[in-house]
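Peer 1: This is the structure I have questions about; it appears just below.
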Amino acid sequence: MIMPASTKKQPLPSVSSLPLESSRQLRAFLDYLQVECGLSQNTRLAYRRDLCRFIAGLGDAAGDLARLTTGDVEHFLRQCNSDGLSASSTGRALAAVRMFCRYLVLNRALARDVSAVVVPPKKWRRLPAVLGDEHVERILAAPNDEQDTHALRDRAILTLLYATGIRASELAGLGVRDLNFNIGIVRVLGKGNKERIVPVAQAAVDAVREYIRSGRPAVAADTASRLFLSRTGKPLAREDVYRTVRKYVRRAAIRGKVTPHTLRHAFATHLLAHGANLRSVQEMLGHADISTTQIYTHVDAERLKSIHKQFHPRG
């Protein structure tokens with residue numbers, strides 16, 4: 001009797017499951033990414049997953065990285081595609097492999113960079129989904145249950161996300177002293193440990209101040225330095241911020257996938273729609289390249305076209 005093939009996804013390989021020498025090289029590379037390159041923890045974790053898959057798929061060459069070829073890298077990209085990875089995820093995986101190959105060349109573990117001639121997949125430039133003003137207001141007003149002990153914290157989280165456009169990981173990493181109430185700014189540590197200063201609207205300042213005065217003391221230990229804490233007094237993680245946003249999106253009865261990044265999109269688009277300078281928005285978002293920020297000008301153009309089509313008699 002022939003048993004049907006299992007549809008259960010195979011577990012991802014770990015660093016410790018790789019051949020000894022490859023495992024040693026990969027661990028040293030991950031340390032290099034942190035110490036020398038200053039990459040964020042999330043990026044390092046993603047690169048580790050990508051490289052574990054890459055090395056595990058090398059076959060006999062997995063134990064001797066000096067035998068890497070361009071064909072190995074191209075085979076890995078084809079495997080990413082057959083596994084259903086998006087062009088964006090495949091591009092990130094190739095970036096991880098390229099950095100690893102350059103690192104091996106730098107340390108004379110590889111004769112030449114075999115990944116240099118591999119062409120990355122072309123990514124479609126997708127416009128981000130943006131919430132309208134009414135939907136944003138409904139989400140910000142959702143934490144209104146006086147019986148919910150975390151309503152003050154959650155209102156501060158939602159208001160601060162929209163008021164500053166910071167990422168979920170950046171918000172989770174905020175310290176109590178990172179927000180200056182007197183002049184209305186917040187100090188944000190972004191990708192690559194790059195620091196930036198972002199103005200904070202008065203409504204967000206008031207929400208955070210109320211949380212610190214009336215909500216945070218109930219769970220905060222004397223040694224707690226992080227701004228946003230869980231019910232047990234531990235710092236919130238990025239995943240906690242995501243769950244918080246999703247909780248109030250459901251409570252506000254808004255359909256679709258709305259995440260902290262959706263509020264970041266709304267922040268940027270609404271600023272540009274009201275005449276903000278593109279360079280200023282780039283600085284507040286922490287984008288290294290202004291072309292990343294320019295996508296929001298296209299989002300606003302699409303919104304204007306939609307309004308024109310809806311309301312113009314010959315739209």
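Peer 1: Dividing the convex hull volume of the Cα atoms of the stretch 15-106 by its residue count, what figure in Å³ per residue is obtained?
Peer 2: Numbers: hull volume 8.5 nm³, N = 92.
Cα convex hull per residue, to the nearest whole number: 93 Å³.
Peer 1: Tell me the relative contact order for the stretch 133-311 as a rounded percent, counting alpha carbon contacts under 8 Å between residues six or more apart. Walk me through the numbers before you get to the answer.
Peer 2: Numbers: 213 pairs, mean separation 44.3, N = 179.
Across the stretch 133-311, relative contact order equals 25 percent.
Peer 1: Residues of the stretch 174-191 with the amide nitrogen closer than 16 Å to a label point 7 Å from the Cα of residue 197, along Cα-to-Cβ, please.
Peer 2: Only 177-190 fall inside the zone, counting backbone N under 16 Å.
Peer 1: Same structure again: Taking only C-alpha pairs under 8 Å that are 6+ residues apart, what is the relative contact order of the chain in percent?
Peer 2: 15 percent
Peer 1: Could I ask something else about it? What longest region of the chain stays clear of trypsin sites (Lys or Arg not before Pro) that DSSP places outside H, G, I, E and B and that have at most 12 other Cβ atoms within 10 Å? Please report the intermediate quantities before stating the final value.
Peer 2: On the way: sites that count: 8, 9, 108, 112, 122, 123, 125, 126, 194, 231, 255, 257, 314.
Longest stretch, sites excluded: 10-107.
Peer 1: Please arrange 284, 99 by how many other C-beta atoms lie within 10 Å of their C-beta, fewest to most.
Peer 2: Arranged by neighbour count, lowest to highest, 284, 99 become 99, 284.
Peer 1: For the chain, what is the convex hull volume of its Cα atoms per residue in Å³? Each step should come with its number before you reach the end.
Peer 2: Details: hull volume 70.9 nm³, N = 315.
Hull volume normalised by residue count: 225 Å³.
Peer 1: A further question follows. From Cα pairs below 8 angstrom and at least 6 apart in sequence, can you work out the relative contact order of the stretch 5-113, rounded to a whole percent? Each step should come with its number before you reach the end.
Peer 2: Values: 78 pairs, mean separation 29.5, N = 109.
Across the stretch 5-113, relative contact order equals 27 percent.
Peer 1: Given points 7 Å out from each Cα along the Cα-Cβ axis, report the residue 278 to residue 176 separation in nanometres with one decimal.
Peer 2: The answer from the label model is 4.3 nm.
Peer 1: Could you work out the mean projected area of the convex hull around the alpha carbons of the stretch 81-209, in square nanometres to one decimal? Mind showing how you got there, number by number?
Peer 2: Working: hull surface 50.7 nm².
If I average the Cα hull's projected area over directions, I get 12.7 nm².
Peer 1: Regarding the stretch 200-270, what is the average projected area of its C-alpha convex hull, in nm²?
Peer 2: Values: hull surface 23.5 nm².
Average of the hull's projected areas for the stretch 200-270 equals 5.9 nm².
Peer 1: Which of the GluC sites (Glu not before Pro) found in the stretch 138-236 are in a DSSP loop and have at most 16 neighbouring Cβ atoms, other than their own, within 10 Å?
Peer 2: Working: sites: 146, 170, 195, 210; in loops: 146.
Taking the stretch 138-236 and a limit of 16 other Cβ atoms within 10 Å, the loop GluC sites (Glu not before Pro) found are 146.
Read the figures in this text as sums done on the coordinates, not as results from a lab. Note that the coordinates shown come from a computational prediction; the quantities given were computed from them, not determined experimentally. Using ideal geometry, Cβ is built from the backbone for each residue, glycine included, and neighbour counts are taken over all protein chains shown.
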